[in-house]
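Take a look at the structure set out below.
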Amino acid sequence: MLTMQEDLLADLRRENGVALMFVDGEFGPASDGAAREIVNPANGEVIARVAEGTIADADRAIAAAHAAFYKGPWGDSLAQDRAKLLNALAATIDEHAGELSQLETLNNGKPLRETEYDMADAANCFRYYAGLATKPHGQTFEVPAASQSFTVREPIGVCGQIIPWNYPLLMAAWKLAPALAAGNACILKPSELTPLTALRLATLIVDVGFPKGVVNILTGAGPVVGHALAASALVDKIAFTGGTKTGRSIMQAATGNLKKISLELGGKSPNVVFADADFDTAIDYALFGIYANSGQVCSAGSRLLVQDSLHDRFVKRLVERANKIVVGDGFDPKTEMGPLVSRAHQEKVESYIKTGIAEGAKLECGGTRLEGDLGKRGNFIVPTIFSHTTPKMRIVQEEIFGPVLVVQTFADEAEAIALANDTIYGLAGAVFTNDIAKAHRVIRKMRAGITWINTYHPTYNEAPWGGYKQSGIGRELGTYGYDAYTEVKQINVNLAVEPSGWFADR
Ligand code: NDP
C-alpha cells in the first residue's frame, strides 16, 4: 500500500514532504510554513501533509487572480483560446483518469468504481464548457427607436470558489469549467480534508498552459482562507458548495462589496414510491439514492416516502438488500460502499442514529460501525434504515449526510406532496409510479430544483443543478451555470446619428 501511495503522491509538487499550494503560477508553502495532515478515511493513516494557507496566502491568491484578470491578457482572451485550454485540460484528465481516481479513493474513501465515474464526469464537464465558450450568448431586441439593441455576456472578474469533500475533483470541475469558459480568473479552495486531487489538477493546469494567476488552488481551513475569499472586496463573485450553515456565513461575509453569490447547499430529498411503481426498480433506486457515496451526497434520497399499502413489503425487501451491501475499503474491488470522510463526520452521523432511536423511530437495520479490524480503523457506518418515523423528528427534518434512510408513509397523492415539501430544503426529489400523469402532477408540485421520475441521481453537465428554498441560490451546470459566471451588458447603437433636439439649440 505504501508504495502505491507514494506513486500516487509522486506527481504532487512537494517540498520537505509537504504538498504545496498553487498561487500565481507557482507552487509554494504556506506563508508561515504550516501544514495539515491528510488522513485516509478507510484506515486512519496519515497519507500526506498539505500546506495550510493563511490569510496572507489568501491575499496573495486574490491579488494574483486580480492581476491576471484586470491587468493580464486573460481579461481580453478569446473564447476560442479558452476553449482550446479547456479541451486540453479535459484530455489530460482523461489520460490521467486511472491515477486521479486512485488518488481520490485514497483521500476521500469512496470505492474506485465511483471515483472512476467522477473523473470521467469531471473531464466531460471541462469539455462541455469548452464547447459552450464559443456558442452564441447574447440576445438582440426590437426596440421602439432607430437603435440596434443587444446584450453581450462578459466575465464577472475574480471568482472565489469553495468546494466540499464529497466529490473533490468533480466539484472543482463544476466550479472551474464554467468560470474559465466565461473568462474569469479563479481561486479554488478545496476542502481541507480532501485537497489532493485539486493539487494534482494544478499540475495538469500548468502542463496545459493556462496563464499564471488565472487558476489558483488555495489550501487551508474554511473559516480562515475560505472566509477571506468570501469577505474580500477584490473578489467579485463567490461560489460555494457545502453545508447550509456555512453557506449562511459565506453569504453574510459577502455583503461588504455585494459580490455575486452562488450557493449549492444541503438537502433532505424525498423519494416518493407509489404502490403502482415497478417494485424492483423502486427498490434498486431507493438503495442507490441513499447509499451511493455512503449517503454523502447533497441530493441523496434520504427520505423514502412509501404508500402505506406497499410499506411493509417494500421495507422488508429494502432491509434484505441493504444488509447485503458490501462495505469496505474503496480499493477492494468487492466494495460497494466506502467509509465516511472523517472520524468527526462518522461521530456526527452516529449522533443522529442515537437521536432517531431516542425519538422513537424503529431501527430496521444497521445503526452501527463496521465490525472487525477495518471497522476499528476506518470511519465506516453500515447501511441504516429507520421506519415508523413522524414528520417532526429531527432525523426526518435534518440533513444527516450519511448512509441513513428514514422511511415515511403516505395514504394518497395529496399527502405524498405535503410530506415531500415538509422540510426547509428543496434540492432534489423523485417519484416512482407507472401512472405517468400522476408522476408529472407530483413532480410539478414538488418544491425542488432537481427531480427524477422512475430513477434517482442521474446528473448531467448539460442540465441545471441547484435548489429551491434553503438548498441554495442559483444554478450550476448547463447554460445556467455559464450564465452564473457572467455579467450581462446592454449595448445600444444609435442608427440615426443626428441631434435629438430634446433641448432647443438657442
Ligand atoms: P462545510 O460546508 O463546512 O464545508 C464545505 C467547504 O466550505 C469546505 O471547503 C470548507 O473548508 C469551507 N468552509 C468551512 N467554513 C467556512 C467559512 N466560514 N467560510 C468559508 N468557507 C468555509 O461542510 P462540513 O465539512 O463542515 O460538513 C458539514 C455538513 O455540511 C455536512 O454534515 C453536510 O450535512 C453538509 N455538506 C453538504 C455538502 C453538499 O454537497 N451540499 C457537501 C459537504 C457537506 P474546510 O474543509 O477547510 O472546513
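Take residue 312, project a point 7 Å from its Cα along the Cβ direction, then tell me which residues of the range 329-373 have their backbone nitrogen under 19 Å from it.
362-365
Could you give each residue of the range 267-283 its phi-based ³J(HN,Hα) in whole Hz, using Karplus coefficients 6.51, -1.76, 1.60 with θ = phi - 60°, and x for Gly or Pro?
x, 8, 7, x, 10, 9, 10, 7, 4, 8, 6, 5, 4, 5, 5, 5, 4
What does the C-alpha gyration tensor say about the overall shape of the chain? Classify as rounded when a/c is under 1.5, otherwise prolate if a/b is larger than b/c, or oblate.
Note, shape of the chain comes out oblate.
Which trypsin sites (Lys or Arg not before Pro) does the range 1-73 hold that lie in a coil by DSSP with at most 10 other beta carbons within 10 Å?
71
What GluC sites (Glu not before Pro) in the range 107-168 are in a loop by DSSP, with at most 12 other Cβ atoms within 10 Å of the Cβ?
Here the sparse-neighbourhood loop sites are 142.
Putting +1 on Lys and Arg Cβ atoms and -1 on Asp and Glu Cβ atoms, find which of 58, 195, 16 reaches farthest to the positive end of the dipole of the chain.
58
Tell me, which longest segment in the chain has none of the chymotrypsin sites (Phe, Trp or Tyr not before Pro) that fall in DSSP loops with at most 15 further Cβ atoms within 10 Å?
1-459
Using only Cα atoms, tell me the angle between helix 97-108 and the longest principal axis of the chain; keep it within 0 to 90° and round to the nearest 10.
The answer is roughly 60 degrees.
If we sort 221-230, 293-302 on the protection proxy, mean other Cβ atoms within 10 Å, highest first, what's the order?
293-302, 221-230
Which residues' amide hydrogens lie under 5 Å from the amide hydrogen of residue 275, considering only partners 5 or more residues apart or on another chain, with H built in the peptide plane?
When sequence neighbours closer than 5 places are left aside, the close amide H contacts are 307.
Output ³J(HN,Hα) for the range 474-491: one whole-Hz value per residue in order, computed from phi by the Karplus curve 6.51 cos²θ - 1.76 cosθ + 1.60 with θ = phi - 60°, and x for Gly and Pro.
These are the phi-based 3J(HN,Hα) values: x, 10, 9, 6, x, 5, 4, x, 5, 4, 5, 10, 10, 9, 9, 10, 8, 10 Hz.
Only four residue types carry charge here, +1 at the Cβ of Lys and Arg and -1 at the Cβ of Asp and Glu. Report the dipole size of the range 206-315 about the Cα centre in Debye, rounded to the nearest 20.
Here the range 206-315 has a charge dipole of around 820 debye.
Once R0 is set to 22 Å, what does the formula 1/(1 + (r/R0)^6) return for the Cβ-Cβ distance between residue 234 and residue 81, expressed as a FRET efficiency to the nearest 0.05?
E(calc), rounded to 0.05, equals 0.30.
Please give the charge dipole size of the chain, origin at the Cα centre, charges +1 on K and R Cβ atoms and -1 on D and E Cβ atoms. Round to the nearest 20 debye.
1020
Positive end of the dipole of the chain, charges at C-beta (+1 Lys, Arg; -1 Asp, Glu), about the Cα centre: which of 492, 88, 368 has its Cα farthest in that direction?
The residue sitting most towards the positive pole is 492.
Amide H to amide H under 5 Å from residue 424: which residues, 5+ apart in sequence or cross-chain, H placed 1.01 Å off N in plane?
Residues meeting the amide H criterion: none.
Dipole magnitude of the range 338-489 about its Cα centre, charges +1 at Lys/Arg Cβ and -1 at Asp/Glu Cβ only, in debye to the nearest 20?
The calculated dipole for the range 338-489 is roughly 180 debye.
Using +1 at the Cβ of each Lys and Arg and -1 at the Cβ of each Asp and Glu in the chain, identify which of 205, 331, 452 lies farthest towards the dipole's positive end.
The one lying farthest along the dipole's positive direction is 452.
Relative to the longest principal axis of the chain, what angle (0 to 90°, nearest 10) does the C-alpha long axis of helix 244-253 take?
The answer is roughly 20 degrees.
Once both axes come from the Cα atoms, what is the angle between helix 55-70 and the longest principal axis of the chain, in degrees from 0 to 90, rounded to 10?
50
What list of ³J(HN,Hα) values in whole Hz, one per residue of the range 141-146 in order, does the Karplus curve 6.51 cos²θ - 1.76 cosθ + 1.60 (θ = phi - 60°) give from phi, with Gly and Pro shown as x?
10, 8, 10, x, 6, 7
So if each residue of separation counts as 0.36 nm, and I subtract the Cα-Cα distance between residue 276 and residue 120, what length gain in nm does that give?
52.6 nm
Roughly how many nanometres apart are two label points built 7 Å out from the Cα toward the Cβ at residue 95 and residue 321?
4.2
Laboratory data are not the source of any read-out in this text; all were calculated from the coordinates shown. Since this is a predicted model, take the numbers as computed values, not measurements. Counting neighbours? That spans all protein chains shown, and the Cβs are built from the backbone with ideal geometry, glycine included.
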